[in-house]
Amino acid sequence: MDEDRLLQVTVEGGVARLVLDSPANRNALSRALRGQLRGALEDALADDAVRVVVLDHTGRVFCSGMDLSEAAGAGAGDQGVRELPDLLETIWTAPKPVVAVVRGPARAGGVGLAAACDVVVAAASATFGMSEVRLGLVPAVISAVVLPRMLPHVAHRLMLTGEVFDAAAAATGGLVDLVAPDGEVDAVAEVQVRALAAGSPWALAETKRLLRAGGLRGSFDELLELSARAFAGDDGQEGIAAFREKRPARWVPTL
């Protein structure tokens with residue numbers, strides 16, 4: 001077994017399944033995982049045999065966001081978040097439909113990863129959170145894919161509070177398409193995969209192009225600078241340290 005492999009990839013029956021497999025750090029978007037996921041996505045999109053891409057995960061957590069251990073001490077120009085726009089845009093603009101299967105917690109960049117997909121199926125027990133502000137960060141990059149999905153007033157509140165919300169609330173707010181009982185997630189996701197695979201590849205690509213008209217790149221260029229500055233800034237570094245040390249950040253009032 002390749003100990004450096006953080007992503008399981010299988011292609012069968014026209015479906016490419018990309019399974020985040022880094023449970024030891026809650027499937028955080030480390031440099032290695034970002035690279036492997038980006039490469040696997042590009043391979044799947046270039047493979048004519050692949051009709052649908054499924055993004056799934058091992059372990060309890062779907063994705064905890066950026067790997068904060070890599071962000072500690074890095075300057076704005078060296079932050080891994082700089083690679084996130086390309087990853088999200090690859091999913092967002094993919095000519096093939098992408099289905100996210102969220103079985104557990106999704107946080108920050110993990111929410112962005114799901115939001116970039118065409119269909120999001122979540123287990124009833126899954127939870128979500130755009131927790132950036134609590135870490136001295138800004139949900140800038142993920143806003144480019146989250147805001148087109150979610151009801152504006154719901155996204156507004158949840159991005160400002162950073163609070164955790166359940167799958168039912170995520171569905172009501174527009175982030176999640178389908179909520180399934182925990183034991184039925186695979187069956188519900190499979191129905192969506194088969195429905196998508198029934199479409200003409202050309203028609204699906206053109207429909208996605210229509211639905212994604214306008215693109216994300218202009219937004220990303222500006223948002224990325226804000227996000228990178230936040231990660232490298234004083235509050236961002238303090239928030240990251242507080243999170244890793246399991247203590248309140250210095251700005252949290254004592255009540």
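Readers should treat all values here as calculations from the given coordinates under stated rules, not as data from a laboratory. Since the model is a prediction, treat every value here as computed from it, not as a measurement. Glycine also receives a Cβ, built like all others from the backbone with ideal geometry; neighbour counts cover every protein chain displayed.
In table form, for the structure just shown:
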| quantity | calculated |
| --- | --- |
| The range 46-63, subset charged (D, E, K, R) and surrounded by 15 or more Cβ atoms within 10 Å (Cβ to Cβ), residue nearest to Q8 (Cα to Cα) | D56 |
| A197 being within 30 Å of E12 (Cβ to Cβ) and not basic (K, R) | yes |
| Filtered residue count, the range 205-255, keeping only those that are out of contact with any Leu (no Cβ under 7 Å at 6 or more places or on another chain) and either within 13 Å of P97 (Cα to Cα) or in a helix (DSSP H, G or I) (or both) | 29 |
